[in-house]
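Data block below; observations after.
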Amino acid sequence: MIDNIFSRPELLWFLLGLVLFLLELVIPGFFIFFFGLGAWVTALICLISEPSTNLQIIIFALVSVLSLLALRKMIQKKFFYHNESLSDEVEDEFTGKEAVVIGNFENNRGKVEFKGTLWKAISDSPLMAGQSVIIVSKENFTLKVELKK
């Protein structure tokens, strides 16, 4: 049976594509899908004609990378999430909430504790350890805070 798989490259590429599609279900990130797509396109071409092994690898690589570059963002936006609504939900979790300053701020930078986690923070005014602050916004892993009034 193993000899049969290697003598039929279209079957080998099809099985590789199937394994890659199944891996996409387990591994997050939505990029393995495109390599599965590349494997299946290569299998289809092998079924229609008999390209050399080098040409098969080139077809697989080109289709995988080009489809990844051309389609990933579009498919993610259409089927998985909308960036605007996701960022608004994350902002709402932080904005307007209270945090506590951990250590004095130096050069308007320091750390705050929010929901039991330490966060890097910036402020327009000097802050002292133990003060309560309000989170104004969040950018990546840094919170912008101001003194609670």
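Using the count of nearby Cβ atoms within 10 Å as a rough guide to exposure, how do 19, 133, 101, 41 rank from fewest to most?
So the residues, fewest neighbours to most, are 19, 41, 101, 133.
Quote the FRET efficiency, to the nearest 0.05, computed for residue 136 versus residue 22 with a Förster distance R0 of 35 Å and r equal to the Cβ-Cβ distance.
Efficiency computed from Cβ-Cβ geometry: 0.20.
Around residue 127, which amide H atoms from residues at least 5 apart in sequence, or from another chain, sit under 5 Å from its own amide H, with H modelled in the peptide plane?
It is 105, by chain and number.
Once phi is turned into ³J(HN,Hα) by the Karplus curve 6.51 cos²θ - 1.76 cosθ + 1.60 with θ = phi - 60°, what whole-Hz value does each residue of the stretch 37-52 show in order, with x for glycine and proline?
My calculation for the stretch 37-52 gives 4, x, 5, 6, 5, 5, 4, 5, 5, 5, 6, 7, 9, 10, x, 5 Hz in order.
Percent relative contact order of the stretch 2-80, based on C-alpha pairs within less than 8 angstrom and at least six residues apart?
29
Would you mind classifying the stretch 20-80 by shape? Square roots of the alpha carbon gyration tensor eigenvalues, ordered a ≥ b ≥ c; an a/c under 1.5 is rounded, otherwise it is prolate if a/b is larger than b/c and oblate if not.
Taking the square roots of the gyration eigenvalues as a ≥ b ≥ c, the stretch 20-80 is prolate.
Could you pull out the pairs from 73/115; 120/148; 115/144; 120/149 whose alpha carbons sit more than 25 Å apart here?
73/115
So who's got an amide H within less than 5 Å of the one on residue 137, skipping anything under 5 residues away but keeping other chains? H placed 1.01 Å off N, in plane.
When sequence neighbours closer than 5 places are left aside, the close amide H contacts are 144.
Give the separation of the Cα centroids, the stretch 111-149 to the stretch 26-69, in Å.
So the separation of the two Cα centres works out to 48 Å.
Give the shape of the stretch 88-147 as rounded, prolate or oblate, defined through the alpha-carbon gyration tensor: a ≥ b ≥ c are the square roots of its eigenvalues, a/c under 1.5 means rounded, and otherwise the shape is prolate if a/b is larger than b/c and oblate if not.
Judged from the Cα gyration tensor, the stretch 88-147 comes out prolate (a/c at least 1.5, a/b above b/c).
Across the stretch 104-109, in residue order, what do the Karplus-derived ³J(HN,Hα) couplings come to in whole Hz, using 6.51 cos²θ - 1.76 cosθ + 1.60 with θ = phi - 60° and x for Gly and Pro?
With the stated coefficients, the stretch 104-109 comes to 5, 6, 10, 6, 6, 10 Hz.
Tell me the label-point distance for the pair residue 102, residue 31, using the 7 Å Cα-to-Cβ offset, in nm and rounded to one decimal.
Placing both labels 7 Å along Cα→Cβ, they lie 3.1 nm apart.
Since every read-out is calculated from the coordinates, none of them should be taken as a lab result. Computed from a prediction, not measured in an experiment: that's the story for all the values here. Don't worry about glycine lacking a Cβ; one is built from the backbone with ideal geometry, like all the others, and counts go over all protein chains shown.
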